[in-house]
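The next block holds one structure in the form of structure tokens; read it before the comments.
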Amino acid sequence: MNRKKILLASAFLVNALLIQAQTLVVQVKTFETGKWGYSNVDGELVIPAEYEKCYPFSSNGLAVIYDEKERQYHFIDLKNQRLTTDPASFKIKDGLGFNVSGFNDHLFLVQVNGRWGYMDDEGKLIIKALYDNGSDFNGGYATVAKGKQFFVVDTKGNETALESGVMDVKEFTEGLAPVRMNSKKFGFIDTKGKVVIPAEFETVGYFKDGLAWVKTMDGKLGYVDKTGKWIIKPEFEAGKEFDPASGLARVKKNGKWGYVNKSGEILTIDSESFGDFSEGLADGKKGGLVGFFDEKGEWVIKPQFEAVRDFHNGYAAARLNGKWGLIDKAGEWKLKPQFDAIKDVTLVE
């Protein structure tokens with residue numbers, strides 16, 4: 001066997017091993033129990049539908065569930081075994097408006113005795129619960145608050161104080177975090193806690209694919225890069241983050257939704273509704289049914305569903321005849337519609 005064939009065979013073997021080492025999991029709610037469990041993408045329950053409340057698996061193979069009888073949160077693995085934690089009792093942010101994103105940088109934000117800290121994936125409170133509030137980690141950093149003082153913390157718990165005059169700070173994405181100053185205007189800080197984009201905006205979004213939307217004090221929305229330079233001039237009424245796969249962001253102008261690319265060019269779609277692009281596709285509606293179009297505005301999955309969710313890890317939840325399943329990017333059923341409800345597919349490594 002020549003060298004090229006050996007290398008190709010080796011690459012195939014490595015890819016096969018990687019696929020075997022990864023698992024796609026999705027939360028599902030069954031009609032039989034009316035409760036939540038977890039399924040693989042073939043529809044096989046890997047964890048019974050026995051939970052009133054549970055959350056997506058993180059890439060580290062742990063998910064949060066809530067035990068109604070104990071009134072306590074726990075971490076479980078793919079075998080439905082509970083992780084022993086110290087302390088044993090903790091709370092999480094799961095109220096209205098909070099998205100439980102799971103472990104980030106192997107750390108999970110938990111509340112112990114009324115204060116917030118961070119637990120690792122071995123169940124240890126690696127950053128003590130000292131804070132009145134905190135964000136998820138992203139890229140090795142999180143933001144926390146003690147009273148009126150705000151800090152950036154790294155994964156070892158080292159604190160960097162933010163300058164005075166900060167009213168609030170959000171979580172990091174791509175190394176920058178939105179900050180609100182005493183002027184009630186927004187800007188961005190870096191991981192050293194320094195204001196790198198001055199607070200001169202009415203409100204701002206998060207950086208994604210190198211750009212963030214910001215709204216001027218006269219209510220116009222545009223997009224800036226990480227230096228604060230205008231890349232897309234403020235001319236919109238509303239907007240969302242960019243999708244790296246399509247290079248598009250959803251925007252509203254003159255009361256109508258459409259999409260903009262990084263050159264400021266507008267894409268209009270013949271659709272009754274407009275979803276955000278995710279993994280290169282966005283959902284829309286025609287004739288009361290939902291499908292997906294691509295970055296060219298072409299309907300690659302014709303409208304045929306009652307409802308859908310965004311694509312994650314190659315699959316999207318879709319509802320037909322009152323039942324939920326999973327479709328691939330060709331619009332084919334990977335998991336036939338059979339569940340009362342279904343969430344997004346997550347990858348466990």
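Please treat every number below as a calculation from the coordinates, not as lab data. This is a predicted model, so every value here is computed, not measured. Virtual Cβ from ideal backbone geometry, glycine too; neighbours counted across all protein chains shown.
Summary table below
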| item | result |
| --- | --- |
| Gain upon complete extension [ASN133, LYS53; 0.36 nm per residue less C-alpha separation] | 26.5 nm |
| Calculated [θ] (222 nm, deg cm²/dmol) that DSSP helices of n ≥ 4 give over the chain, each run adding -39,500 (n - 2.57) | -1500 deg cm²/dmol |
| Centre separation in Å (Cα based) which lies between the range 218-244 and the range 43-72 | 38 Å |
| Centroid-to-centroid separation of the range 93-160 and the range 334-349 [C-alpha atoms, Å] | 29 Å |
| Distance violations [Cα-Cα > 23 Å] among LYS240/LYS334; LYS253/LYS296; LYS35/LYS91 | LYS240/LYS334 |
| Debye log10 I(q)/I(0) at q = 0.07, 0.09 Å⁻¹ for the chain, Cα point scatterers | -0.36, -0.61 |
| Square roots of 5 times each gyration tensor eigenvalue, C-alpha, the range 129-276, largest first, Å | 31, 16, 13 |
| Two-site FRET efficiency, GLN81 against LYS323, from Cβ-Cβ distance with R₀ of 35 Å, rounded to 0.05 | 0.70 |
| Shape category assigned to the range 48-113 from the gyration tensor of Cα positions, a/c cut at 1.5 | rounded |
| Tally of Lys pairs whose C-alpha atoms are under 18 Å apart, taken over the range 156-196, 8 or more apart or cross-chain | 7 |
| Proximal charge balance of LYS220 [Cβ under 11 Å; K/R count +1, D/E count -1] | -1 |
